[in-house]
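A.B. asks: One structure coming up, written as C-alpha cells, with questions to follow.
The values are calculated or read from the model by the stated rules, or taken from the named source; none is laboratory data. Computed from a prediction, not measured in an experiment: that's the story for all the values here. Here the Cβ positions follow ideal geometry from the backbone for every residue, glycine too, while neighbour counts run over all protein chains shown. The protein model used for the area step is the full one, side chains on, heavy atoms only, and it has no ligands, DNA or RNA in it. Shrake-Rupley method; radii C 1.70, N 1.55, O 1.52, S 1.80 Å.
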Amino acid sequence: QTQVAESGGGLVQAGGSLRLSCVVSGRDFSVGWFRQRPGTPREFVAAIGASGGSTSYGDSVAGRVTISGDNANTAVYLQMNSLTPADTAVYYCAATPLISVQTNQAVYRIWGQGTQVTVSS
C-alpha cells in the first residue's frame, strides 16, 4: 500500500525560506502539496505530474514556491521562499496514480499526516 510522509516543517521568520520534503513509497505518482491555514479550508499549493515535466502552482504562492521531484517522484520537494505569516499552515503531501498534474484535491487518495509551518512576523 502506497504511503506518503512529509517532513521539513518548522518555525521561520518572515522573509525566510523552508524546504518541505515528501517521500512516496511508490513510483510514478503525481504529487501535490496542499495546506490548511487556521480556520480555512484546505487549499492547493503546488503539484507535479508523474513524469515530472508538468507543474502547477496556486495563486497565493506562485512565484515564491518551486515543486520538484526525483525521476519517479519517490521524493518530492517544495521550496518556499519569501515566507509571510499568511503562509502559516499545516502542509500536506498527497499522491495520485493519475499521470497528468492534478490541482483538485478530490482526486488524491493517498495523504500524509501533514507538517506544521509557522512563520513569525
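A.B. asks: How many residues are in contact with a Lys or Arg (Cβ under 9 Å, 6 or more places away or on another chain), farther than 18 Å from Asp28 by Cα and of a type outside the set (S, T, N, Q) when one looks only at segment 67-113?
C.D. replies: 8
A.B. asks: Within segment 83-92, is even one residue of a type outside the set (Asp, Glu), more than 16 Å from Gly10 (Cα to Cα), more than 12 Å from the chain's Cα centre (by Cα) and open to solvent by 40 Å² or more (accessible area, probe 1.4 Å)?
C.D. replies: The answer is no; no qualifying residue exists.
A.B. asks: Are any of the residues in segment 65-88 on the phi > 0 side of the Ramachandran plot and at pLDDT below 95?
C.D. replies: Yes, some residue in segment 65-88 is on the phi > 0 side of the Ramachandran plot and at pLDDT below 95.
A.B. asks: Right, next: Can you find a residue in segment 10-26 that is touching a residue at least 40 places away in the same chain (Cβ under 8 Å), in a loop (DSSP other than H, G, I, E, B), over 14 Å from Thr96 (Cβ atoms) and of a type in the set (A, V, I, L, M, F, W, C)?
C.D. replies: Yes, segment 10-26 contains a residue that is touching a residue at least 40 places away in the same chain (Cβ under 8 Å), in a loop (DSSP other than H, G, I, E, B), over 14 Å from Thr96 (Cβ atoms) and of a type in the set (A, V, I, L, M, F, W, C).
A.B. asks: Considering each of Ser17, Ser56 in turn, give the residue that is among the hydroxyl-bearing types (Ser, Thr, Tyr), open to solvent by less than 50 Å² (accessible area, probe 1.4 Å), out of contact with any Gly (no Cβ under 6 Å at 6 or more places or on another chain) and modelled with pLDDT of 95 or more.
C.D. replies: Ser56
A.B. asks: Is it the case that some residue within segment 40-55 is aliphatic (A, V, I, L, M), touching a residue at least 60 places away in the same chain (Cβ under 8 Å) and closer than 18 Å to Gln113 by Cα?
C.D. replies: No - not one qualifying residue is present in segment 40-55.
A.B. asks: Looking at segment 42-53, which of the residues that are open to solvent by 10 Å² or more (accessible area, probe 1.4 Å) and either within 10 Å of the chain's Cα centre (by Cα) or over 21 Å from Ala5 (Cα atoms) (or both) is modelled with the lowest pLDDT?
C.D. replies: Out of the qualifying residues, it is Gly53.
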